[in-house]
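Student: The structure that follows is given in the form of C-alpha cells.
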Amino acid sequence: MAKVTRRQFLRGVAAGAGALTLAACGGAATTSPTAEPTAAPATAAPTTAPATAVPPATMPPGSMGSTVEITYWGSFSGVLGEAEKATVEAFNNSQKDVKVNYQFQGNYEETAQKLTAAIQARQTPDVSLLSDVWWFSFYINGHLQPLDDLMAAEGVKREAYVDVLLNEGIRKNTVYWIPFARSTPLFYYNKQAWQEAGLEDRAPKTWDEFIEWAPKLNKEGRSAFAHPSAASYIAWLFQCVIWQFGGRYSDPDFTIRIHEEGGVRAGNFYRDTTQTYKWATTPKDVTQDFVTGLTASAMLSTAALAGVEKNAQFPVGTGFLPEGPAGFGCCTGGAGMAILAGLPAEKQRAAMKWIAFATGEEWTIEWAQRTGYMPVRKAAVESERMQKYFAERPNFRTAVEQLPKTRPQDAARVYIRGGDQIIGKGLERITINGEDPAKVWMDVKAQLEEAAKPTIELLKTVEG
Amino acid sequence: MSAFSRSRPRVSAREWHERLLFLLLISPNVLLLAAFTFWPMIYNAYLSTISWNFLSPVQRFVGLRNYETVLSSEIFRIVLINTAVFTVVSVTVTMVLGLGLALLLNQPLRWRNGARAVLFTPTMLSGAAIAIVWIYIFDPRFGLLAQILGWFGFRSPNWLADPNWAMTALLIVYIWKNAGYAVVIYLAGLQTIDQTLYEAARIDGAGPWGQFWHVTLPGLSPISFFLLVTSVLACFQAFDIIQVMTEGGPVNATNMLVYHLYERGFIQSQAGPAGVVAMVMFVVMLILTILQLRFIERRVHYS
C-alpha cells in the first residue's frame with residue numbers, strides 16, 4: 001500500500017513537472033535583477049525614504065546632505081551601450097547629490113517585459129528607458145509619474161526640447177516621457193557599390209528612381225536592398241512607406257486603415273521588392289548585412305550611424321527616405337526616459353536630476369555624436385559644437401535636417417500593445433511568403449482591432 | 001490481554017514516528033514543488049480565465065473566452081503542427097542516431113573515449129551560445145555549411161530566412177545537441193546487457209543482425225523508454241535555441257508551443273491567452289505521459 005502511494009505520489013510529481021514551464025515564465029519576475037529592495041510599491045506612502053541606506057563609501061567627503069541612489073534601466077548594447085554607460089558615469093562624476101546605478105536590461109522589448117514583471121513584483125527601478133511602442137502602455141496603466149512639477153523644480157523647460165520629440169510624450173497636457181535616444185529612419189547606401197553601378201552619389205529621390213537603380217546594384221552575393229524582420233522593427237520603417245503610398249496604419253482614434261488602398265499599394269510594393277524584382281532580401285540582421293557589403297542599401301535608424309561608420313569597410317552615404325506616389329513620409333522613433341510612479345519625493349527629484357542631465361543641452365550633443373541619435377534640445381541642434389560636428393560628419397546632419405519633415409507614428413503601432421509586432425508579422429508574410437497584401441492586411445486589421453480593445457477601454461477611463 | 005494492550009500503543013507510536021519522519025524527509029521537496037510547480041499551475045489556471053495585460057490593476061474574468069480565442073486561431077493550429085513535426089522528427093532521429101553511434105562506440109576502437117567526449121559536449125553547452133554559433137554556420141553566403149555544400153556543388157539554402165528550411169535548420173541543431181546525450185545513455189544501457197545472452201544467440205545461429213534484433217534491442221528497451229519519455233517532454237519545452245535563432249519565424253515556420261506562450265504573454269501582453277497555451281501544453285504532456293506509462297511500459301522488458 002505504502003509503495004503504491006509513493007508511486008502515485010511520484011507520478012503526480014512527474015505530471016506536475018510539465019507545468020514547470022509555467023513557473024519558468026513567472027520566473028522572469030523573481031530572477032530579473034531589479035532595483036534595490038527598498039524601492040517603494042506604487043501604493044505606498046512616500047515616507048519610506050531609503051536614502052539613509054546608502055553605504056558610507058559612496059558618501060562624498062564634506063558633503064552636507066546624503067547621496068540619493070537611484071536605479072536606471074537601460075537597453076543599449078555595443079557602441080550605443082558604451083555611450084549609455086558613459087552617460088551614467090558622466091552624471092555621477094558631475095555632482096555628489098545623486099548616484100545612478102545603471103542596469104542593462106536587454107533590448108527595448110526585454111526591458112519593457114522585465115519592467116512589467118518588476119511592477120508585478122513591486123521591485124521597479126526608479127527611471128527606465130522605454131521605447132516609442134512601450135511607454136504608452138505603462139502610462140495608461142498608471143505606472144508613470146507626471147513630470148511637469150519635477151521639471152519645473154529642476155528648471156527644465158518644455159520649450160527647450162525639440163517640439164516634435166517632446167510632444168510625443170505628452171498626454172492631456174502632461175509630460176510623461178522625455179525624449180532621450182530619438183531617431184528617424186534614414187536611407188543608408190554603400191558609396192562604393194553606388195560608384196560601381198555608375199550612380200550619382202546620393203540617395204534615390206523616389207522609390208521609382210530606386211526601382212530603376214536597383215537592378216544595377218543587385219549582383220551575385222549582394223542585394224540592392226534589405227528588409228528587417230518583425231523583431232527588428234520592419235513595422236517602424238513601413239510606417240514611413242505606407243505614408244509615402246498614401247495610406248496609414250490607423251487614425252488617432254484607433255480606426256484601423258492599414259487595409260485601405262494606400263496600405264495595399266505600399267504592401268504590393270514591398271512584395272514586389274522581394275518577389276517580382278527580387279533585388280531585396282530579408283536577412284537576419286540588416287545592419288550587419290549592410291556593413292559587410294551584402295546589401296548595397298537599406299533603411300536603418302539614425303542610431304545605427306556611429307556603429308555603421310565605425311565598422312563599414314567602405315564610405316557610407318545617408319539621405320532622406322525616398323518619396324512614394326503620395327510624396328514624402330517619415331516618422332520618428334527611438335526611446336525616452338520615464339520615472340516610475342509612487343517613488344518617495346527625494347527619489348523623484350533625484351530621478352529628474354538624472355533625466356535633466358542625460359537629456360540636457362550639453363550631454364545631448366555628446367550623446368548625439370557618440371551614437372547618431374538626434375540631439376533632443378533645440379539649443380543643442382543650433383550649437384556651434386554640433387554644427388561643427390555636422391560639417392565634419394555630414395551623415396550625422398541628415399537626420400536633423402529630415403526631422404522637421406517627420407510626424408508622429410500612427411496609434412496602431414505605438415499605442416496598441418503588440419501592434420508593432422502584429423503589423424511586423426504581417427509584413428513578413430508579404431515580403432517572405434509573398435502573400436497578397438490585401439488578404440494579409442485584413443487579418444492584421446482583425447488582430448489590431450482585437451488588441452486595441454483593452455487600450456481603448458482604458459483610455460476612456462484614464463483620459464475620458 | 002495485557003500483552004496486547006501493551007504492544008498496541010508501542011506499534012502505533014513507532015508508526016507515528018515513521019510517518020512523522022516520512023513527512024519530515026519529504027517536506028523540503030514538497031514545499032519546493034508546491035511553491036514552484038503546483039502553485040504556478042493553479043495560478044496559471046486562474047490566469048487562463050481572465051482578461052489582463054500584466055500591467056492593469058483590473059483583471060476581468062472572462063470564463064472560457066480565452067480558450068475560444070486561442071483554440072480557434074489559425075496561428076495555434078500552425079503552432080501545434082510545428083510542435084508535432086518537430087517532436088516526432090527530433091525524437092526519432094536523435095534516438096536512432098544515438099543508438100547507432102552508441103553501437104559504434106561500444107566497439108573497441110581507437111580514440112573511442114575522445115569520440116565519446118566530443119559527442120557529449122554539445123549536450124553540456126548552453127543553448128543560447130550554440131544557437132549564436134549555428135547562426136553563423138547556417139549563413140547562406142559565408143557560413144561553414146554553405147562552404148561544405150559548395151564543395152559538393154550544392155547551393156546553400158537560405159536556412160534561417162526561408163520558411164521552408166528554418167524548421168530543418170532547427171532540427172539539425174537540436175539533434176546535434178541531443179544526440180550525444182542519447183549516445184551516453186545507450187552506451188550505459190549496452191553495458192548492462194548480459195554477454196551470455198549474445199553467446200547463447202550465437203550458438204543458436206544468430207548473425208550480427210539477429211543478435212541486434214533479438215538481444216540488443218529488447219535489452220535496451222527500458223533505456224529506450226526512458227529516452228523516449230524524456231526526449232518528448234524536452235521537445236515540447238524547446239525554447240532557448242528557437243528564441244535566439246529564429247524567434248519563431250520566419251513567418252511562424254518555427255513557432256512552437258513554448259515560444260507561442262512567450263509570444264502571447266510577453267510580446268503581446270495577453271496573460272489570459274498565454275495561460276490557455278500553458279494549460280494546453282500541460283494537458284497534452286499529461287496525456288502523453290500517461291499514455292507512455294500505460295501502454296509502452298507494458299511492452300518494455302525490465303530484466
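Student: Taking the conditions exactly as written (more than 24 Å from B:A166 (Cα to Cα) and either more than 10 Å from every other protein chain (Cβ to nearest Cβ) or out of contact with any Ser or Thr (no Cβ under 7 Å at 6 or more places or on another chain) (or both)), does B:V244 satisfy them or not?
Tutor: Answer is no for this residue.
Student: For the stretch A:163-219, give me each residue that is acidic (D, E), under 22 Å from A:F314 (Cβ atoms) and part of a loop (DSSP other than H, G, I, E, B).
Tutor: Matches in the stretch A:163-219: A:E200, A:D201.
Student: Being surrounded by fewer than 22 Cβ atoms within 10 Å (Cβ to Cβ) and at positive phi: is that true of A:N167 here?
Tutor: Taking the combined requirement at face value, the residue does not satisfy it.
Residue-wise test of (1) assigned to a helix (DSSP H, G or I); (2) within 10 Å of another protein chain (Cβ to nearest Cβ); (3) of a type in the set (V, I, T); (4) crowded, with 18+ Cβ neighbours inside 10 Å.
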| position | (1), (2), (3), (4) |
| --- | --- |
| A:A391 | yes, no, no, no |
| A:R397 | yes, no, no, no |
| A:P404 | yes, no, no, no |
| A:Q409 | no, no, no, yes |
| A:A412 | yes, no, no, yes |
| A:R417 | no, yes, no, yes |
| A:D420 | yes, yes, no, yes |
| A:K425 | yes, yes, no, yes |
| A:R429 | yes, yes, no, yes |
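Student: Of the residues that make up the stretch A:223-230, is at least one within 14 Å of chain B (Cβ to nearest Cβ), touching an Asp or Glu at 6+ places or on another chain (Cβ under 7 Å), under 21 Å from A:A451 (Cα atoms) and among the hydrophobic types (A, V, I, L, M, F, W, C)?
Tutor: Yes, the stretch A:223-230 contains a residue that is within 14 Å of chain B (Cβ to nearest Cβ), touching an Asp or Glu at 6+ places or on another chain (Cβ under 7 Å), under 21 Å from A:A451 (Cα atoms) and among the hydrophobic types (A, V, I, L, M, F, W, C).
Student: Filter the stretch A:223-269 for residues that are in a loop (DSSP other than H, G, I, E, B) and among the aliphatic types (A, V, I, L, M); which is surrounded by the most Cβ atoms within 10 Å (Cβ to Cβ)?
Tutor: The qualifying residue surrounded by the most Cβ atoms within 10 Å (Cβ to Cβ) is A:I258.
Student: Mind listing whichever residues of the stretch A:432-464 are part of a helix (DSSP H, G or I), more than 23 Å from the chain's Cα centre (by Cα) and of a type in the set (S, T, N, Q)?
Tutor: A:T461
Student: Another question, if that's okay. Can you name the residue in the stretch B:28-48 that is hydroxyl-bearing (S, T, Y) and either touching a Ser or Thr at 6+ places or on another chain (Cβ under 8 Å) or under 25 Å from A:A112 (Cβ atoms) (or both) and, of all such residues, is surrounded by the most Cβ atoms within 10 Å (Cβ to Cβ)?
Tutor: Here the residue is B:S48.
Student: If I go through the stretch B:192-214 residue by residue, how many of them are farther than 20 Å from B:L228 by Cβ and assigned to a helix (DSSP H, G or I)?
Tutor: 14
Student: Of the conditions (1) farther than 30 Å from B:Y46 by Cβ; (2) hydrophobic (A, V, I, L, M, F, W, C); (3) in a helix (DSSP H, G or I); (4) touching a helix residue (DSSP H, G or I) at 6+ places or on another chain (Cβ under 7 Å), B:L217 satisfies every one except a single condition; which number is it?
Tutor: Here B:L217 clears every test but (4).
Student: Just to check your reading of the model, which residue among A:R377, A:R370, A:R349 is of a type in the set (D, E, K, R), outside the structural domain of A:I234 (by TED's automatic domain parsing) and within 14 Å of A:L403 (Cβ to Cβ)?
Tutor: Answer to the selection: A:R377.
Residues checked against (1) within 14 Å of chain A (Cβ to nearest Cβ); (2) crowded, with 22+ Cβ neighbours inside 10 Å; (3) among the small types (G, A, S); (4) within 18 Å of B:I75 (Cα to Cα):
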position: B:A206; (1), (2), (3), (4): no, no, yes, no
position: B:V232; (1), (2), (3), (4): yes, no, no, no
position: B:T254; (1), (2), (3), (4): yes, yes, no, yes
position: B:G265; (1), (2), (3), (4): yes, yes, yes, yes
position: B:V276; (1), (2), (3), (4): yes, yes, no, yes
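Student: Another question, then. What helices (runs of 4 or more DSSP H) lie completely within the stretch A:336-386 and have 3 or more residues being under 18 Å from the mean Cα position of the chain (by Cα)?
Tutor: Where helices (runs of 4 or more DSSP H) fall fully within the stretch A:336-386 and carry at least 3 residues being under 18 Å from the mean Cα position of the chain (by Cα), they are A:361-371.
Student: Separate question: If B:A182 satisfies every condition in (1) more than 14 Å from chain A (Cβ to nearest Cβ); (2) in contact with a Leu (Cβ under 7 Å, 6 or more places away or on another chain); (3) more than 20 Å from B:A238 (Cα to Cα) but one, which is the exception?
Tutor: The failed condition is (3).
Student: Also: Identify all residues within the stretch A:271-300 that are touching a strand residue (DSSP E or B) at 6+ places or on another chain (Cβ under 8 Å) and part of a helix (DSSP H, G or I); write none if there are none.
Tutor: Across the stretch A:271-300, the qualifying residues are A:T273, A:T274, A:V286, A:T287, A:D289, A:F290.
Student: Among the residues in the stretch A:78-86, are any within 13 Å of chain B (Cβ to nearest Cβ) and within 24 Å of A:P185 (Cβ to Cβ)?
Tutor: There is no residue in the stretch A:78-86 that is within 13 Å of chain B (Cβ to nearest Cβ) and within 24 Å of A:P185 (Cβ to Cβ).
Conditions tested, residue by residue: (1) at pLDDT below 95; (2) under 22 Å from A:V376 (Cβ atoms).
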position: A:Y108; (1), (2): yes, yes
position: A:T116; (1), (2): yes, no
position: A:G142; (1), (2): yes, no
position: A:N190; (1), (2): no, no
position: A:W194; (1), (2): no, no
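Student: Give me the residue from the stretch A:120-159 that is part of a helix (DSSP H, G or I) and among the aliphatic types (A, V, I, L, M) and, out of that set, farthest from A:I178 (Cα to Cα).
Tutor: Restricting to residues being part of a helix (DSSP H, G or I) and among the aliphatic types (A, V, I, L, M), the top hit is A:A121.
Student: Could you check the stretch A:119-149 and list, in sequence order, the residues that are surrounded by fewer than 24 Cβ atoms within 10 Å (Cβ to Cβ) and under 14 Å from A:G74 (Cβ atoms)?
Tutor: Result: A:S131, single match.
Student: Now, a different point. Here's a check for you: in the stretch B:128-142, which residue that is surrounded by 18 or more Cβ atoms within 10 Å (Cβ to Cβ) and modelled with pLDDT under 90 is nearest to the chain's Cα centre (by Cα)?
Tutor: Ranking the candidates gives B:D139 first.
Student: Select from the stretch B:278-293 the residues that are at the interface with chain A (Cβ under 7 Å from one of its Cβ atoms), surrounded by fewer than 24 Cβ atoms within 10 Å (Cβ to Cβ) and not β-branched (V, I, T) and list them in ascending order.
Tutor: B:M281, B:F282, B:M285, B:L286
The values are calculated or read from the model by the stated rules, or taken from the named source; none is laboratory data. Model, not experiment: these values are computed from the prediction. Virtual Cβ from ideal backbone geometry, glycine too; neighbours counted across all protein chains shown.
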